[in-house]
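Chemist: Have a look at this one.
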Amino acid sequence: MIFSPALSFGADNQQQLFKKANALYAKSQYKQAADAYQQILDAGYQSAGVYFNLGNAHYKQGELPDALLYYEKARRLAPGDDDINFNIRLANSKTVDKIDEVPEFFLSRWWKGFILSFSADKLATTAIILMLVGSALLIWYFFAIASGLKKFSFFSAIFFFFLAICTVTIAASQLSYFDSNKQAIVFTPSVNVKTSPADAVSTAFVLHEGTKVNVLGSNGGGWLKIKLANGNEGWIKTADVKAI
């Protein structure tokens, strides 16, 4: 009770700052808008909307790597959002590297598309509502007198609890997918990807700013092992990328 007013006050401040940033963006003051959105993130608040708008502000300034970084961060919170996915495709069309993805097995592709079609907020809200409905039906079961109503409420409660468990499972699968698929955006204009973690070895291929890479691991000495969507692998310096 003591801390609740302070938490509410902080949330109100962030909401006001978000409105201010949107107003700056509407006036084409993209640098100031980006700074305001960044203040919200620096305060510890995250949302797909803030990341998406910050990405838009950077895109308007021609800062493609920053735009893609924040678009991708927004997609991790709302992977099924059409606007976010459209802007990612638009920004990617302006990058130098055009990388074709390795075809996936159709069941794997279907499952990934399914679990990424929901936002984290929607999954959480749906699970809570289903649990509340199931609990209400279970209470009705205990107080119902007619045997028909008792059967209906009991099996309905079981059904809603089952749906809630399915929703939580989808959310857990989505979280597991993002945890096991570490990615980053290249921020250096041109990067030589090495065959091993050393400057003196040969170059496997070259990447340019804005390209998204999958991070497979680190050697602990400032190098990351990366993999592209087309299957090519190599080593890149940690300073050349920013993690999504």
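Chemist: Could you pull out every residue, at least 5 positions away or on a different chain, whose amide H is within less than 5 Å of the one on residue 218? Hs are placed 1.01 Å off N in the peptide plane, and Pro or chain starts have none.
Modeler: Here 225 satisfy the definition.
Chemist: Only helical DSSP H runs with n ≥ 4 go in: add -39500 (n - 2.57) per run for the chain, normalise by residue count and round the 222 nm mean residue ellipticity to 500 deg cm²/dmol.
Modeler: Estimated from H runs of four or more residues: -19500 deg cm²/dmol.
Chemist: Would you mind working out the magnitude of the charge dipole of the chain relative to its Cα centre, with +1 at each Lys and Arg C-beta and -1 at each Asp and Glu C-beta, to the nearest 20 Debye?
Modeler: Dipole magnitude for the chain comes out near 340 debye.
Chemist: Give me the net charge for the shell around residue 24: Cβ to Cβ below 13 angstrom, other residues only, Lys and Arg +1, Asp and Glu -1.
Modeler: Value of the local net charge: +4.
Chemist: As a test of understanding, state the convex hull volume per residue of region 56-181 from its alpha carbons, in Å³.
Modeler: 125 Å³
Chemist: Using only the heavy atoms of the protein chains and a 1.4 Å probe, how would 89, 75, 109 rank by accessible area, largest first?
Modeler: Largest accessible area first, the list is 89, 109, 75.
Chemist: Considering only Cα-Cα distances, which of the following residue pairs are longer than 21 Å: 31/237; 112/182; 194/227; 194/237?
Modeler: Check vs 21 Å cut-off fails for 31/237.
Chemist: Continuing with this model, one more query. Could you give the longest part of the chain that holds none of the GluC sites (Glu not before Pro) found in DSSP loops with at most 16 neighbouring Cβ atoms within 10 Å?
Modeler: Longest gap between qualifying sites, sites excluded: 105-244.
Chemist: For a quick check, take a GNM of the chain with Cα springs below 10 Å and name the residue from 178, 118, 154 with the largest mean-square fluctuation.
Modeler: 154
Chemist: If you don't mind, another one. Which value, in Å², gives the accessible area per residue of region 41-136 when a 1.4 Å probe is used on the protein heavy atoms?
Modeler: Here the residues of region 41-136 average 57 Å² of exposed surface.
Chemist: How charged is the neighbourhood of residue 89? Take every other residue with its Cβ under 15 Å from the Cβ of residue 89, and add Lys/Arg as +1 and Asp/Glu as -1.
Modeler: Computed value for this residue: -3.
Chemist: Could you pull out every whole DSSP H run in the chain that spans at least 27 Å of Cα extent along its own axis and averages -1.0 or higher on the Kyte-Doolittle scale?
Modeler: 4-26, 120-143, 147-180
Chemist: Still on this model: Let me make sure I get this right: for the chain, a, b and c are the square roots of the gyration tensor eigenvalues over alpha carbons, sorted descending. Under 1.5 in a/c it's rounded, otherwise prolate if a/b > b/c, else oblate. Which is it?
Modeler: In terms of gyration-tensor shape, oblate.
Chemist: With +1 on each Lys and Arg Cβ and -1 on each Asp and Glu Cβ, and nothing else charged, work out how big the dipole of region 1-125 is about its Cα centre, in Debye to the nearest 20.
Modeler: Approximately 220 debye in magnitude.
Chemist: Shifting gears a bit: Choose one of 154, 123, 190: the residue whose Cα lies farthest towards the positive end of the charge dipole of region 99-213 (beta-carbon charges +1 Lys, Arg; -1 Asp, Glu; about the Cα centre).
Modeler: The residue sitting farthest along the positive end of the dipole is 154.
Chemist: In straight Cα distance, which aspartates and glutamates are under 13 Å from residue 242, not counting same-chain residues fewer than 8 positions off?
Modeler: 66, 72, 209
Chemist: For the chain, set up a Gaussian network in which alpha carbons nearer than 10 Å are linked by springs, and say which option among 198, 136, 229 fluctuates the most.
Modeler: Top of the fluctuation ranking is 136.
Chemist: Can you tell me the accessible area per residue over region 140-244, all protein chains present, probe 1.4 angstrom, in square angstrom?
Modeler: That works out to 56 Å² per residue.
Chemist: Express the carbon and sulfur contribution to the solvent-accessible surface of the chain as a percent, rounded to the nearest whole number, probe 1.4 angstrom.
Modeler: Of the solvent-accessible surface of the chain, carbon and sulfur hold 62 percent.
Chemist: What is the sum of charges, Lys and Arg at +1 and Asp and Glu at -1, for the other residues whose Cβ falls under 14 Å from the Cβ of residue 123?
Modeler: Surrounding charge for residue 123 is 0.
The values are calculated or read from the model by the stated rules, or taken from the named source; none is laboratory data. Fair warning: this is a prediction, and the values are worked out from it, not measured in the lab. For neighbour counting, all protein chains shown are included, and Cβ atoms are generated from backbone atoms with ideal geometry for every residue, glycine included. For accessibility, only protein heavy atoms count, side chains too; no ligands or nucleic acids. Shrake-Rupley method; radii C 1.70, N 1.55, O 1.52, S 1.80 Å.
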